[in-house]
2 protein chains.
Amino acid sequence: MMSDDKDKKRFGIKDIAKLANVSIGTVDRVLNNRKDVSEATRKKVKDIIKEYNYQPNLYARSLSVKNNIKISVIIPKTSLQTGYWQLCLEGIRKGIQELEPFGIQTEVFLYDQEDVHTFLEVSEKTIKSQFNAVVIAPIFIKETEAFVKKCHRKKLQTIYINSDIPTKSTLGYIGPDLNSTGRLAGNLTSYLVGTNAKILILNIAKGLENYKYLDTKIEGYKTYLNNLNKNFRIEVVDIPYNEYTEVEKELWSSIRKSNPDVLFVTNSRVSVVGRFFYDHQEIKKPYIIGFDFLEANVDYLSKGIVDFLICQRPDKQGYFALNYLYRFFLLKENVMNFKPMPIDIITVENYMFYEN
Amino acid sequence: MMSDDKDKKRFGIKDIAKLANVSIGTVDRVLNNRKDVSEATRKKVKDIIKEYNYQPNLYARSLSVKNNIKISVIIPKTSLQTGYWQLCLEGIRKGIQELEPFGIQTEVFLYDQEDVHTFLEVSEKTIKSQFNAVVIAPIFIKETEAFVKKCHRKKLQTIYINSDIPTKSTLGYIGPDLNSTGRLAGNLTSYLVGTNAKILILNIAKGLENYKYLDTKIEGYKTYLNNLNKNFRIEVVDIPYNEYTEVEKELWSSIRKSNPDVLFVTNSRVSVVGRFFYDHQEIKKPYIIGFDFLEANVDYLSKGIVDFLICQRPDKQGYFALNYLYRFFLLKENVMNFKPMPIDIITVENYMFYEN
DNA sequence: TATTCTCTCGTTAACGTTACCGAACATTGC
DNA sequence: GCAATGTTCGGTAACGTTAACGAGAGAATA
């Protein structure tokens, strides 16, 4: 009613131009660090920008600029056994959708984590096309390292998600700290059992030789528990199968043998262990700790069979990687080193609120 | 190189217009459900929109539209004893910053949670000014209910954060489910101790009569544990003080008396209990469970004195409330009912990765 | 028949920024 | 002294959308 609503115009490029007695073109040149501006006027404009704390309107910028940035995303394809990568893909799709109006084109390549040739194939495709950056979830370590080296020669930015490998990418790594992940499992274990407890560590996956990173988790787990000096008896068993019937046989024999108080499954395959104890309720169930917020895992969590799920939000990782590239290319933000992703603890009493 | 890079122009309002043989003005009228369009052309345009799955460019829209939406945020002010609201405020500030380029004006009012008059004052100010919506963190229940009723009469949208109260707001509640929060604490407790364990529940705060919601937590906690039929001996003690020296005296006597195995602090004041056991290392420390990711709490977590912190991300709540209003007013998205916020479990082994 | 009104629709300025084009002037080379 | 080249800057179209303005056709009124 009253002339109370002062026209709160945004302080923009035009206002700077007026104050500095130059054209908006010149201001733009200063803002974007382009040439063709004398030092005197550059300083004058910069001073005003600082004085008035000018903040560019990112929405206007994204409207004006026509981007031509192409991003390749290379991750394992979802298999029946591990819905894990489905979650990652969902985060990536969300990121793609947000970036699309900015003119960033993204192409997703899925490879079979049991077949190195499929990885070589998609990496070759990425090299051949004109991409500006590539997001990689490394499984085949040697092949991935060779690939990123090629990328760097072609000035292609690289970024890892999910697990880190020795050869550094240009933009870093987005994912959990695997050693800490193991330590956290150890920490939870220490609350569950006392001196002399028997602990069984299970690696369940076909082609275990490709999952070097599991060793890091195990090391963190063992180190943590051994440092407590409680004489825990820890045993590691590899079960290199994917099919339930095969896994069941192995489980049957090793659980018979060691009769553990705690079962620590080092990856997302904990649901098969859940199923085992669901099917064999005659056996006394140990405490069970596993990884990842997959439907099957949550199912056995809700049934009270799995006790703790340690989760690392694969969807956030995928989304974050794309968001990071957006900031790198469009906002030209300085590259920060990533903090590792959060590690979440999920039980039967908080799983229903996880992931908004 | 090759003419491979097809001009991937965005499919926009102009393309719709061309396909429908109308002007962009007409398309805009259809898109925004305005009048002055014949039914025939309206249908024709709508069909094309659906067929081509047109997605409006929100950045262009926000550039074009000049909003005049004013939001009031009413939360407790940060006190020395509880840095909790500082976190909430930070999330809100982040939200404000993001919304500012859309022309949404936000004003934050802080009130003293120990002085109801300060709340009445800021609520009065909100009513007097011309706001479109108000975000409220309810502490004084009766006064808040009277206030939201006034708001509704003035067509002012309301939304609660942090805790819910019986009189419904128009846009719902963003925060944790308090009963589940207590159940989760019970769940963790059940992993720590066995039959006949002694458990002490501590309510620590000046003016406890204002913290009705604590009862909900306690109820969830007790119900969960009693259902286990393990004959837990649970005791509740109120300590209606804020000063450490006063709290210490009370703690001293009640811990002497009941010598608990588990200490459950129902709010963010768990750090004072941490300090107590840090100062009195001669006393055998029980397991300690408390709430909220405050610096002081995390400090005693890292020292190994506090065992579990249950956290509800107050910053996310504040941010989410503003983001929700943005979607409500600008994107005109349909109001969905909120899922409660996640409830996180923090230990000495994952606190360093919390909150990216 | 002239006037007004209503309904439908096209045209256009504006939002804040980017990037290209070329003007104005200064400097260099012959 | 004149052309060629450089340097610095202003002007402006464009990005996709919104909303104000007004044009044209036909209906209703005088």
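The values are calculated or read from the model by the stated rules, or taken from the named source; none is laboratory data. The shown structure was predicted, so the numbers you read here are calculated from the model rather than taken from an experiment. Positions of Cβ are generated from backbone atoms using ideal geometry, with glycine treated the same way; all protein chains shown enter the neighbour counts. The accessibility values were calculated without ligands, DNA or RNA, using every heavy atom of the protein model including side chains. Shrake-Rupley method; radii C 1.70, N 1.55, O 1.52, S 1.80 Å.
Which order, highest average first, do A:153-161, B:145-153 follow once you tally other Cβ atoms within 10 Å for each residue and take the mean per peptide?
Ranked by mean Cβ neighbours within 10 Å, highest first: A:153-161, B:145-153.
Note down the net charge around residue B:285, summing +1 for each Lys or Arg and -1 for each Asp or Glu among other residues with Cβ under 11 Å from its Cβ.
Residues near residue B:285 contribute -1 overall.
Show that you can apply the helix-only estimate: for the protein assembly as shown, add -39,500 (n - 2.57) for every DSSP H stretch of four or more residues, divide by all residues, and state [θ] at 222 nm to the nearest 500.
When only DSSP H runs of four or more count, the value is -13500 deg cm²/dmol.
So what's the net charge close to residue A:119: Lys and Arg +1, Asp and Glu -1, counting the other residues with Cβ under 9 Å from its Cβ?
-4
When the dipole is taken about the Cα centre of the stretch A:178-311, and only Lys, Arg (+1) and Asp, Glu (-1) are charged at their Cβ, what size is it in debye, to the nearest 20?
460
Quick check on the protein assembly as shown: what are the equivalent-ellipsoid semi-axes from the Cα gyration tensor, as sqrt(5λ), descending, whole Å?
In descending order the semi-axes read 46, 38, 24 Å.
Using only the Cα atoms of the stretch B:245-286, each taken as one equal point scatterer with no solvent, compute I(q) by the Debye sum, divide by I(0), and report log10 of the ratio at q = 0.16, 0.26, 0.33 Å⁻¹.
Treating every Cα as an identical point scatterer, log10 I(q)/I(0) equals -0.36, -1.05, -1.54.
So what are the radius of gyration and Dmax for the Cα set of the stretch B:107-229, in Å?
In Å, with Rg to one decimal and Dmax whole: 18.0, 59.
Mind listing P(r) for the stretch A:41-96? All alpha-carbon pairs, 10 Å bins, whole percents.
Pair shares across the bins are 17, 24, 22, 18, 13, 6, 0.
Using the Kyte-Doolittle scale, which helices in chain B average at least -1.0 and also have C-alpha atoms spread 15 Å or more along the helix axis, with helices defined as whole DSSP H runs?
Qualifying helices: B:84-99, B:116-128, B:141-153, B:178-192, B:213-226, B:314-329.
Near the amide H of residue A:106, under 5 Å away, which other amide H atoms are found, from residues 5 or more places off or on another chain, if H is placed in the peptide plane?
Those qualifying (amide H under 5 Å, at least 5 residues apart or on another chain) are A:71.
Set the Förster radius R0 to 51 Å, insert the Cβ-Cβ distance between residue A:238 and residue B:97 as r into 1/(1 + (r/R0)^6), and round the FRET efficiency to 0.05.
0.50
For the stretch A:178-311, what is Rg from Cα atoms divided by 2.2 N^0.38 Å, rounded to two decimals?
The stretch A:178-311 yields a ratio of 0.96.
What residues qualify as long-range amide H neighbours of residue B:134, i.e. H under 5 Å apart, gap of 5 or more or another chain, H built at 1.01 Å from N?
Amide H neighbours of residue B:134: B:72, B:157, B:158, B:159.
Among A:236, A:286, A:225, which residue has its Cα furthest toward the positive end of the charge dipole of the stretch A:217-286, with +1 on Lys/Arg Cβ and -1 on Asp/Glu Cβ?
Toward the positive end, the furthest listed residue is A:225.
Excluding ligands and nucleic acids, what accessible area in Å² is computed for residue B:338 using a 1.4 Å probe, to the nearest 10?
Roughly 40 Å² of residue B:338 is accessible to a 1.4 Å probe.
With every protein chain in place, what's the accessible area of residue B:85 (1.4 Å probe, Å², nearest 10)?
Result for residue B:85: roughly 10 Å² accessible.
Which entries in A:316/B:168; A:18/A:66; A:149/A:316; A:303/B:257; A:339/B:70; A:142/A:316 show an alpha-carbon gap greater than 31 Å?
A:316/B:168; A:303/B:257; A:339/B:70
Can you tell which of A:352, A:137, A:329 lies farthest toward the positive end of the dipole of the protein assembly as shown, using +1 and -1 charges on the Cβ of basic and acidic side chains (Lys, Arg; Asp, Glu)?
A:329
What does the net charge come to around residue A:40 if you take all other residues with beta carbon closer than 14 Å to its beta carbon, with K and R at +1 and D and E at -1?
After counting each charged neighbour, the total is +2.
Taking the alpha-carbon set of the stretch A:13-56, what are its Rg and Dmax in Å?
9.0, 24
Return the FRET efficiency for the residue pair residue A:284, residue B:212: r is the Cβ-Cβ distance, R0 is 51 Å, and the value is rounded to the nearest 0.05.
0.75
What percentages make up the Cα-Cα pair-distance distribution of the stretch B:1-147 when the bins are 10 Å wide from 0?
Whole-percent P(r) values from 0 Å outward: 9, 26, 20, 17, 16, 10, 2, 0.
Using the Cα centre as the reference, give the magnitude of the dipole from point charges on the C-beta atoms of the protein assembly as shown (Lys, Arg: +1; Asp, Glu: -1; all else neutral), rounded to the nearest 20 debye.
Dipole of the protein assembly as shown, to the nearest 20 debye: 2580 debye.
Using only the alpha carbons of chain A, what is the convex hull's orientation-averaged projected area in square nanometres?
Result: 24.9 nm².
At a probe radius of 1.4 Å, what is the per-residue accessible area of residue A:228, in Å² to the nearest 10?
So the heavy atoms of residue A:228 present about 70 Å² to solvent.
With the Cα gyration tensor of the stretch B:207-250 in hand, convert its eigenvalues to equivalent ellipsoid semi-axes via √(5λ) and list them largest first in whole Å.
Each semi-axis is the square root of five times an eigenvalue, giving 26, 15, 6 Å.
State the antiparallel share, in %, of DSSP beta bridges confined to the protein assembly as shown, rounding to the nearest 5.
So the antiparallel bridges amount to about 10 percent of the total.
Take the eigenvalues of the Cα gyration tensor for the stretch B:70-120, scale each by 5, and report the square roots as semi-axes in whole Å, largest first.
23, 14, 4
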